[in-house]
Every structure is written in structure tokens, then in C-alpha cells.
Amino acid sequence: MSSINVVLYQPEIPANTGNIARSCAATDTHLHLIRPLGFSTDDKMLRRAGLDYWKFVNITYYDSIEEFFEKNEGHYYLLTKFGTKPHTTFDYSNTDEKHFFIFGRETTGLPDWVKEKYMDTALRIPMNDNVRSLNLSNTAAILIYEALRQQNYPGLN
């Protein structure tokens, strides 16, 4: 089982979640979804984005972000526009430790208390000022593959 985890806090856009699920299926990355979701997991767009890969996604659902933190231990990395450190400055190489990339809602982000508690591990993908942010699924893929690169792509060919 992979040490890499993607956590989506109350995701709103089904295509983003479907694309992230597909990346998770391709890399044995565990996907964590924190309710409420802004769509049904039976949603047509969600299935289309994930195609026939859903059966390969290791997915866990939570009713709150508090429940997620209670049930999971490891290194938490926040993806937020307030992050000041580039994603490549963190060490994800230890496959014996769990690494959680936590994404907020597309429109409102993460709760303030989460950002305050984990600000030391708030990171960002370097980019210019032409756009506010990258697409959520693109950002998740960048982080998954950076962590996998540091781990020498375990279990992948």
C-alpha cells in the first residue's frame, strides 16, 4: 500500500474528483473524501472522468475533517494559496510514513483552524501571477508524482 494520500475536503466539482481518482488508481494513492460532497459519487461526470478505474481506487469517506484527523496519523501537507514554501522543499521520501496532501473546497478552501494548525506545512506550486491557482486535479497529480519521484516510484513501472 502506498504511503501517499490525497485528501479532498468537501469537493464541489465532480470532474476534479474523478480526475484525481484516476490518478490515484494509476499510482496506488489512497483517496480520502470528506463530506458533504457537492455531487453524488454516482454522478455521470464523475464516472466519466474516472472512466472504468473506480474499482481500483482505494477510497475512504469521512463525515467531517475532525473525523479524518482522528483516524489518520502521518505528515499533513496543506495545499493553499497562503502556502509560502514550494512543494519540492518537503521530503516525502520515507515510504514507511504516511504523507497526506490536503485540499480544501474549490470555492472556500480549508477551515481556518486547519490552516492555522498546519501552516508550517502549507505549500504551493510555483507559478506566476497571471492566475489565482492551478486546477485541483492538476495540482494533485503534480504532488503525487513529486512524492513518487522522491520514493523512486515504488510499485510502478
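Just to be sure I understand the filter: pairs with C-beta atoms under 7 Å, separated by 6 or more residues or on different chains, first member in the range 80-108 and under 19 Å from LEU31 (Cβ atoms), second member β-branched (Val, Ile, Thr) and part of a loop (DSSP other than H, G, I, E, B). Which pairs pass?
Listed by first residue and then by second, the contacts come to HIS87/ILE125; GLY104/THR80; GLU106/ILE13.
For ARG132, all conditions in the list (1) more than 21 Å from ASN72 (Cβ to Cβ); (2) crowded, with 16+ Cβ neighbours inside 10 Å; (3) charged (D, E, K, R) hold save one; what is the number of the exception?
Of the numbered conditions (1) more than 21 Å from ASN72 (Cβ to Cβ); (2) crowded, with 16+ Cβ neighbours inside 10 Å; (3) charged (D, E, K, R), the odd one out for ARG132 is (2).
Please give the number of the condition ALA49 fails out of (1) at pLDDT 95 or above; (2) out of contact with any strand residue (DSSP E or B) (no Cβ under 8 Å at 6 or more places or on another chain).
Failed condition: (1).
Restricted to the range 53-71, and to residues that are without any contact (Cβ under 8 Å) to a residue 60 or more places away in the chain, within 15 Å of GLY104 (Cα to Cα) and hydrophobic (A, V, I, L, M, F, W, C), which residue is surrounded by the fewest Cβ atoms within 10 Å (Cβ to Cβ)?
Among those residues, the one meeting the criterion is PHE69.
Which condition breaks for GLY83 when tested against (1) at pLDDT below 95; (2) within 21 Å of LEU148 (Cβ to Cβ); (3) open to solvent by 40 Å² or more (accessible area, probe 1.4 Å)?
Checking GLY83 against (1) at pLDDT below 95; (2) within 21 Å of LEU148 (Cβ to Cβ); (3) open to solvent by 40 Å² or more (accessible area, probe 1.4 Å), the one that fails is (3).
Does the range 94-115 hold any residues that are open to solvent by less than 50 Å² (accessible area, probe 1.4 Å) and farther than 21 Å from ILE20 by Cα, and which are they?
PRO111, VAL114, LYS115 - these are the residues of the range 94-115 that are open to solvent by less than 50 Å² (accessible area, probe 1.4 Å) and farther than 21 Å from ILE20 by Cα.
Has the range 132-141 got at least one residue that is over 15 Å from SER23 (Cβ atoms), outside any helix (DSSP H, G or I), basic (Lys, Arg) and under 13 Å from the mean Cα position of the chain (by Cα)?
So far as the range 132-141 goes, no, none of its residues is over 15 Å from SER23 (Cβ atoms), outside any helix (DSSP H, G or I), basic (Lys, Arg) and under 13 Å from the mean Cα position of the chain (by Cα).
Do any residues in the range 1-23 that are under 12 Å from SER137 (Cα atoms) and open to solvent by less than 10 Å² (accessible area, probe 1.4 Å) have Cβ atoms under 8 Å from those of residues that are in a loop (DSSP other than H, G, I, E, B) and among the aliphatic types (A, V, I, L, M), where the two are at least six apart or on different chains, and which pairs are they?
Every condition considered, the pairs that remain are PRO11/LEU37; THR17/LEU37; ALA21/VAL57.
If only one of TYR118, TYR145 is open to solvent by 20 Å² or more (accessible area, probe 1.4 Å), touching a Phe, Trp or Tyr at 6+ places or on another chain (Cβ under 8 Å) and touching a residue at least 24 places away in the same chain (Cβ under 8 Å), which one is it?
Of the residues listed, the single one that is open to solvent by 20 Å² or more (accessible area, probe 1.4 Å), touching a Phe, Trp or Tyr at 6+ places or on another chain (Cβ under 8 Å) and touching a residue at least 24 places away in the same chain (Cβ under 8 Å) is TYR118.
The values are calculated or read from the model by the stated rules, or taken from the named source; none is laboratory data. Quick caveat: nothing in here was measured; it's all calculated off a predicted structure. Don't worry about glycine lacking a Cβ; one is built from the backbone with ideal geometry, like all the others, and counts go over all protein chains shown. Areas reflect the complete protein model, heavy atoms only, side chains present, ligands, DNA and RNA absent. Shrake-Rupley method; radii C 1.70, N 1.55, O 1.52, S 1.80 Å.
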